[in-house]
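The values are calculated or read from the model by the stated rules, or taken from the named source; none is laboratory data. Computed from a predicted model, the values in this text were never measured in an experiment. All Cβ positions, glycine included, derive from the backbone under ideal geometry; neighbour counts span all protein chains shown.
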Amino acid sequence: MTANRQGAGNGIESDAERERQSRQSAPEGYWPRQSEALARARKQHESWTAKRRKSDAGRGNAAWKRVTLTLPRAEAQQKAREFFAKYPKAAYWSEVESWRELPGDIIEFTLRRLPSAD
């Protein structure tokens, strides 16, 4: 019975095998277009972030410490948990300021907090 559960014929595949099959079945030029789209999205976000931070500095909102990360979903969740463990919301007013999902299940998010606890 165990051979049936772990055998290749029952539909159970490794992540690497699924990735390989996905790349093989994708239309020609799909993956380079995905990379270009991700690069454009990052550039657009950096531009937007720079404008926001520049306008925030003029209004006296520069007290916030921000970090923007782009990670796969599982790593993004873990990083956010670590951030909130290190900078508790009650003391630092920590929060996920913004987030969005990019192609390939990549999450781009900005975490913000006060520079020190009261």
Go over the candidates E82, E46, E75, E101 one by one and state the one that is surrounded by fewer than 14 Cβ atoms within 10 Å (Cβ to Cβ) and either among the small types (G, A, S) or modelled with pLDDT under 90 (or both). E46
If only one of A41, A37, A57 is under 30 Å from L114 (Cβ atoms) and at pLDDT 70 or above, which one is it? A41
For residues that are part of a strand (DSSP E or B), under 18 Å from the mean Cα position of the chain (by Cα) and within 19 Å of E46 (Cα to Cα), tally how many sit in segment 58-115. 21
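To keep it simple, each residue is scored yes or no on (1) without any contact (Cβ under 8 Å) to a residue 12 or more places away in the chain; (2) touching a Lys or Arg at 6+ places or on another chain (Cβ under 8 Å); (3) closer than 30 Å to R18 by Cβ; (4) not small (G, A, S).
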position: A37; (1), (2), (3), (4): no, no, yes, no
position: E82; (1), (2), (3), (4): yes, no, yes, yes
position: W93; (1), (2), (3), (4): no, yes, no, yes
position: E108; (1), (2), (3), (4): no, yes, yes, yes
position: L111; (1), (2), (3), (4): no, yes, no, yes
Picking from R113, R73, which residue would you name as being of a type in the set (D, E, K, R) and under 21 Å from S35 (Cβ atoms)? R73
